[in-house]
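What follows is a set of notes on a single structure, which appears directly below.
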């Protein structure tokens with residue numbers, strides 16, 4: 001990766017050599033950053049699209065309705081978590097191609113899991129919620145990418161919020177309360193909205209460290225996974241109070 005503070009003189013005509021070198025280096029860095037982030041967004045969007053197609057085909061085949069009335073529904077529901085753990089804990093030992101393969105496997109498993117939403121909510125309400133989530137995600141990610149404010153301080157707070165959210169969901173599972181369910185949905189949307197902006201800035205800042213290293217390719221896939229999870233979780237929590245049940 002280019003060194004912006006390289007003191008060695010560079011040849012040039014009509015301009016300061018060292019300044020010209022830093023300008024060229026900065027331009028190369030900015031172009032590389034744009035390619036890096038675009039690759040993350042492409043992977044993330046492709047993963048969401050693949051999940052949507054798998055969910056639709058699973059429901060249309062009739063298999064979803066058959067599976068979700070049997071104990072196999074727990075296997076389908078928890079399978080994406082297995083992929084996330086495998087990628088997160090095995091990332092240093094895996095090749096980039098293996099991480100990519102696991103990401104597509106995760107997207108397929110997530111599609112099977114999300115098919116249950118098509119059985120519970122109406123198609124128009126799912127579509128409306130999806131486009132609302134997409135618009136919010138785009139705005140929040142753009143904010144995270146362009147803001148000069150350091151969002152790193154919010155990271156710990158947001159992760160703690162996710163842990164608290166999981167605990168509240170477990171409590172509501174055993175002791176259902178409508179008010180708690182609504183609070184979980186609202187807080188879920190807010191937490192993952194914050195994580196969208198935070199993760200975007202984090203991924204942008206990581207490029208400076210990872211550019212040109214062997215981990216760069218893996219970082220693209222793991223970045224796509226982070227943004228995918230932010231998007232899907234925000235969508236599901238938003239759907240819980242925007243969606244019309246069948």
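All of the numbers you see were taken from the coordinates with simple rules; none came from a lab. Note that the structure is a prediction, hence the values are computed from the model and not measured. All Cβ positions, glycine included, derive from the backbone under ideal geometry; neighbour counts span all protein chains shown.
Computed values, structure above
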quantity	calculated
Centroid-to-centroid separation of the range 112-132 and the range 197-233 [C-alpha atoms, Å]	27 Å
Extent along principal axes [Cα atoms of the range 91-200; Å; largest to smallest]	42, 34, 30
Degrees, to the nearest 10: 152-174 long Cα axis against longest axis of the chain	10 degrees
Order of 129, 122, 156, 98 under a 10 Å beta carbon neighbour criterion, fewest first	156, 122, 98, 129
Distant alpha-carbon pairs in the range 113-167 (separation over 14 angstrom), percent	72 percent
Inverse mean reciprocal Cα-Cα distance (Kirkwood Rh) of the range 92-142, Å	13.4 Å
Largest-first principal axis extents of the Cα set of the range 17-242 (Å)	70, 36, 32
With Cα atoms, 0 to 90° folded angle of helix 123-146 axis to the chain main axis	20 degrees
Tilt relative to the chain, helix 96-120 - C-alpha long axis, 0 to 90 degrees, to 10	30 degrees
Rounded, prolate or oblate (a/c below 1.5 giving rounded, otherwise prolate when a/b exceeds b/c) for the range 44-86 by Cα gyration tensor	oblate
